[in-house]
Amino acid sequence: PISRVLHQRAWVLGSQDCTAEYYQMSEEVDHLDAFVSHNWSTSRASKFLTLAFHFNLKAAVAVSTLVALVPFVFGIFGKLQIIGIICEGREELDAIGCQIVGMVTFLLALFFWHEMSALVGFKGPRVFLDKTCVHQTDADLKRQGIQNIAAYLQYSWSMVALYSNIYLEKLWTVYEIATFFMLFPRGRLYVRPVFLPKLMLPSMLFVVGVRVTCHLLRTNTLKILPMVQAFYLDYDDNDDILSQHKEELFRELGIQFLVMFPFTLALAAICRWWAVEQACIRQRLQGFDIHRAQCQSEDDRKVVEENVAIFATHLGFVPTGTRKVDTLNMFNDLVHEEVPRVLRASLGPTGIPYRFVVAFFIVYHFYSLDILSAAIRMHGLQPRVLMNFSLAILMYTCIGPLGIAAFSVTPKYTMKFESSIAHLIFLSVTNLLALGFGLCVHFFLGYLLHKSRKDP
């Protein structure tokens with residue numbers, strides 16, 4: 001079960017020598033929910049974070065949402081302190097309880113859900129992990145396990161590939177992913193780059209920081225910056241918001257731009273690196289040769305080659321009686337032509353799965369609950385309350401992911417520049433355009449919200 005794999009921050013994936021106790025962690029089952037394909041040399045911390053994001057993310061969102069409903073309900077019935085502000089000549093309320101409780105619960109569930117669920121008897125999906133399912137100290141049992149890798153894959157409903165820069169250079173991992181493709185050409189293959197969680201965690205914390213700053217500005221907690229509260233002052237409802245507070249509006253726009261630009265530039269640079277890495281996938285696989293691929297044990301190489309020959313003949317990829325060398329050449333051709341396509345299809349056009357992108361902006365999920373709670377308490381369930389709530393949902397389901405998609409796609413066009421200065425200039429220009437567009441959308445939605453507030 002995945003709870004055993006991730007137990008104690010995935011200690012089983014550490015660099016310590018394997019013992020017979022590892023094999024005792026496995027159990028006989030009728031199917032596997034996932035086949036975990038990884039390189040032993042990849043760090044334990046990277047693999048733990050990647051697996052936690054893959055297997056615990058949905059549970060973390062569900063659990064944190066349920067817990068955030070507590071301050072949500074308390075806020076509606078006045079059992080929770082909500083800050084009062086003056087907005088456009090009328091009293092408004094602003095809450096932050098769901099954001100605090102929700103984010104803390106989300107992070108705890110993300111990294112410890114497997115531990116908590118195991119306490120109540122739910123051990124999670126059943127996965128194949130070579131360190132525990134193949135005996136590592138008994139030579140005979142180890143050989144039997146290696147020979148039956150294809151059988152494990154046959155009964156696996158999906159494959160989770162922990163991609164690193166050496167993943168496609170190792171014999172075992174290429175063999176596993178190619179075999180999975182031969183068995184299930186349209187199977188559920190999830191390629192999870194091990195760098196992705198290291199990018200997501202700081203990004204989520206940054207977005208949380210932006211949201212907290214906006215809350216402080218809205219409630220006038222940061223009295224040293226009164227000029228940036230253009231949308232949160234006492235307006236004359238007969239005047240247009242843009243003409244009445246044009247100077248304050250541009251000041252706020254400039255400050256938010258200066259705060260977000262360094263982060264988005266760094267994000268664009270990382271996305272460009274990932275775009276280059278994706279472009280190298282086909283190049284690396286074109287140079288793959290089963291005879292020259294890296295393998296920790298040369299004895300394992302012989303077993304893998306025998307497995308390829310038997311398996312390819314059994315599935316009809318080569319006729320019966322084909323020479324072993326020809327079968328291995330067929331396997332090389334399969335890796336060169338099909339595996340890059342399978343990897344690209346799994347990664348998607350941006351290289352980052354949508355649900356991971358939404359997690360970047362998860363704080364806006366809880367922010368939408370705070371908005372709804374405070375608005376219902378103040379005004380009841382009116383149309384403009386629902387509009388405000390809808391705009392917050394739009395932020396983390398559409399606007400934010402579109403920005404990440406732009407940062408992921410546009411760097412692919414910088415690969416033709418050889419100069420580092422040209423890279424930086426192109427990233428800066430595209431970053432300015434994307435960030436400027438995002439801020440304009442933000443204020444446009446604020447303008448629509450202002451207009452809706454004028455309605456009775």
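The values are calculated or read from the model by the stated rules, or taken from the named source; none is laboratory data. As the structure is a computational prediction, the values presented were derived from the model and not from experiment. Cβ sites come from the backbone with ideal geometry, for glycine too, and all protein chains shown count toward neighbours. Side chains included, ligands, DNA and RNA excluded: accessible areas come from the protein's heavy atoms. Shrake-Rupley method; radii C 1.70, N 1.55, O 1.52, S 1.80 Å.
Only residues that are crowded, with 16+ Cβ neighbours inside 10 Å and either over 30 Å from PHE106 (Cα atoms) or of a type in the set (A, V, I, L, M) (or both) were counted in segment 339-359, giving 9. Here segment 2-17 is the region considered, the condition is being open to solvent by less than 40 Å² (accessible area, probe 1.4 Å) and on the phi < 0 side of the Ramachandran plot, and the residue that is modelled with the lowest pLDDT is GLY14.
Among the residues of segment 103-129, those that are of a type in the set (D, E, K, R) and modelled with pLDDT of 85 or more comprise GLU115, ARG126.
Candidates are the residues of segment 294-335 that are closer than 12 Å to ALA178 by Cβ and within 34 Å of the chain's Cα centre (by Cα); the one that is surrounded by the fewest Cβ atoms within 10 Å (Cβ to Cβ) is ASP333.
Of all residues in segment 41-56 being open to solvent by 10 Å² or more (accessible area, probe 1.4 Å) and of a type outside the set (Lys, Arg), which is farthest from the chain's Cα centre (by Cα)? By that ranking, first place goes to SER41.
Restricting the first member to segment 91-108 and to residues that are over 15 Å from LYS58 (Cβ atoms) and of a type in the set (S, T, N, Q), and the second to residues that are open to solvent by 50 Å² or more (accessible area, probe 1.4 Å) and at pLDDT below 90, the beta-carbon pairs closer than 9 Å and six or more apart or on different chains are GLN99/VAL212. Name every residue in segment 155-202 that is in a strand (DSSP E or B), closer than 18 Å to HIS336 by Cα and open to solvent by 30 Å² or more (accessible area, probe 1.4 Å), in order of residue number. Result: LYS170, single match. What about ARG301, is it of a type in the set (Lys, Arg), under 30 Å from ALA62 (Cα atoms) and at pLDDT below 85? Taking the combined requirement at face value, the residue does not satisfy it. When THR65 is tested against (1) out of contact with any Leu (no Cβ under 9 Å at 6 or more places or on another chain); (2) surrounded by 15 or more Cβ atoms within 10 Å (Cβ to Cβ); (3) farther than 28 Å from PHE181 by Cβ, just one condition goes unmet, and that condition is (1).
Pick from segment 18-40 the residues that are open to solvent by 80 Å² or more (accessible area, probe 1.4 Å) and assigned to a loop (DSSP other than H, G, I, E, B): which of them is farthest from VAL134 (Cα to Cα)? Once the filter is applied, the top-ranked residue is ASP30.
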